[in-house]
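Worksheet: one structure, shown below.
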Amino acid sequence: MEIGSSSIGRCSKEHQKLYQIWFSCADSDGDGRITGTDAQKFLSMSNLSRQDLKQVWSIADSKRQGYLGYDEFVVAMQLIMRTCNHPPWKVFKPFLSRNGVKARATLRLSGSVHSSSGSWFSKTGKMSSKPVTSIVDGLKNLYIKKLKPLEVTYKFNEFVCPLLTSSDFEAKPMVMLLGQYSTGKTTFIKHLMGCTYPGNSFPRFISFHHPLVCLFLATQLLSLVTGAHIGPEPTTDRFVVVMNGADDRSIPGNTIAVQADMPFSGLQSFGTAFLSKFECSQLPNPLLEHITFVDTPGVLSGEKQRTQRSYDFTGAISWFAIKCDLILLLFDPHKLDISDEFKRVIESLRGHDDKIRVVLNKADQIDTQQLMRVYGALMWSLGKVLNTPEVMRVYIGSFNDKPINNAAAGPLGEELFQKEQDNLLNDLKDIPKKACDRRINEFVKRARAAKIHALIISHLRNEMPAMIGKAKTQQRLIDNLAIEFAKVQREQHLPLGDFPNVDQFRERLSGYSIDKFEKLKPKMIQCVDEMLAYDIPQLLKDFRNPYD
């Protein structure tokens, strides 16, 4: 059976009503999700082979969530109908012939078809009693029961990353763009979406009569009409999250950070200075239904970028790097130099190497010979910063709405740019499909980091004296932190690469009294080990393709 999701079209209203009835009855617990067990009972009535049903499930559950929502169920139904080549009522005739099935479906239809699984976090912070019906639900359950107590006890949320909320698990995949000014970050997002996004602030002046002021106001008014401002000068001075919404609107950072249904509550730790440079742009767009973009301020050269920022720029980048599924580093052929701040930003991305892609944008501004030299210079510059033998994936092209400059690029360049753009678009298309796998990957990384953090904190606590000399001992431990890390690594047989950055840990540790930390609680460590060794593998096994 050769079928693909591209062949699935919109079904008629009559079929939609029928699918809603079937979905309502197949959803045994009425939570808006059909798990593998329910699917086996229902889809097997189509009399398709197990291999065919396996492929149907794989296409319908393309995100590997372990369940079918209503939209995925419709995809599965359309696949089955096309494969059987029969009307829907004939394929599932045995199901419709059951006594009272339509009546029961009609009663349940209004409340169950589009319902979600609900929040796992009640107002009191306790987990709800709903059953686990997806991989994401299982991760929430494991986090509340086994990982969160460890993080709270050893202050992992204060040292490394804030505690996770329900919105963190449910958030759409995010793509962050980093680069120096005028490398085309905003234009890149506009090119992918096919439109601009809102988010320009209108400056105020004391006098509106000066000719230069009038010209500036006219330019700003034009940019407000056309959307996000794009220009050769540094135009993006803030973090802008571009996400799907019912209408075009721009939400200030302080507002978006306190919304419970948004995964940005952790940004409150960076203070008002950062939140005033953070905003969310919402607009209806088909691409944004699956992906959220993070547009960052352009990085400039010079020490002023470090001394004049009123917030921790590198820390904010690190926070977004943890949340993002893909990180794009944009370079311009004429701006290959990596400033001191850009170097710190790239270094802060360590541990997320699998997410990073490099984009050499505006490559049609130079000819083929220059492009070869620019590519070599770019790899040399990145090699000094990343300090890794692995070569990063570099996409070369001109990612904007303008036609390629054939006078410089030539026919070979045009063909190369088209192939590179197709490869990058395919990489972006895979993000929603890999979102569930990425979420599991990040959860496991977080669990290991929290365990190592707990072992470090408890080790430092054990080194403190009971009565006299606490201040002196604490200073010695902070000064010799790398040695203490090595001790923990040898005693616990842990990989040294999983340990946190010594300098960053030392900076945060200096604000605490080590003797106030908790001693080691082996049961907590054992819970995390069991979760990694047994619970997560079992969760993946429970929600795999039911026809495997």
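No lab work stands behind these numbers, since they all come straight from the coordinates. Owing to the predicted nature of the structure, the values given are computational and were not obtained by experimental measurement. Neighbour counts run over all protein chains shown; Cβ positions are idealised from the backbone, glycine included.
If the viscosity is 0.890 mPa s and the temperature 25 °C, what Stokes-Einstein diffusion coefficient in µm²/s follows for the range 447-519 when Rh is the Kirkwood radius over Cα pairs?
Translational D for this selection: 196 µm²/s.
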- Message: Past 21 Å, Cα to Cα: identify those pairs from Lys185/Lys362; Lys13/Lys54; Lys54/Lys172; Lys140/Lys541; Lys13/Lys434, in the order given.
- Response: Lys13/Lys54; Lys54/Lys172; Lys13/Lys434
- Item | Surface/4 estimate of mean projected area, convex hull on alpha-carbon atoms of the range 396-548, nm² | 16.1 nm²
- Item | Estimated inter-spin distance, Lys41 and Asp353, nm [label 7 Å along Cα→Cβ] | 4.8 nm
- Measuring from centroid to centroid over Cα atoms, what is the spacing of the range 59-74 and the range 312-372 in Å? 34 Å
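On average, how much area does the Cα convex hull of the range 262-367 cover when viewed from any direction, in nm²? Walk me through the numbers on the way to the answer.
On the way: hull surface 33.9 nm².
Mean shadow area of the hull around the Cα atoms is 8.5 nm².
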- Which order do the peptides 156-166, 324-334, 465-475 take when ranked by the mean count of other beta-carbon atoms within 10 Å per residue, highest first? 324-334, 156-166, 465-475
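Using DSSP to define loop residues, name the trypsin sites (Lys or Arg not before Pro) in the range 309-395 whose beta-carbon has at most 14 other beta-carbon atoms within 10 Å. All intermediate terms of the calculation are to be shown ahead of the outcome.
Values: sites: Arg309, Lys323, Lys335, Lys343, Arg344, Arg350, Lys355, Arg357, Lys362, Arg373, Lys384, Arg393; in loops: Arg309, Arg350, Lys362, Arg393.
Filter output for the range 309-395: Arg393.
Sorted by average packing, counted as other Cβ atoms within 10 angstrom per residue and highest first, what order do 42-54, 491-503 take?
Numbers: 42-54: 16.8, 491-503: 12.0.
Per-residue Cβ counts within 10 Å, averaged per peptide and sorted highest first, yield 42-54, 491-503.
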- Note on the structure: Ranked output for segments 133-142, 477-486 by mean other Cβ atoms within 10 Å, highest leading, reads 133-142, 477-486
- Query: What list of ³J(HN,Hα) values in whole Hz, one per residue of the range 259-265 in order, does the Karplus curve 6.51 cos²θ - 1.76 cosθ + 1.60 (θ = phi - 60°) give from phi, with Gly and Pro shown as x?
  - Reply: 7, 5, 8, 10, x, 10, 5
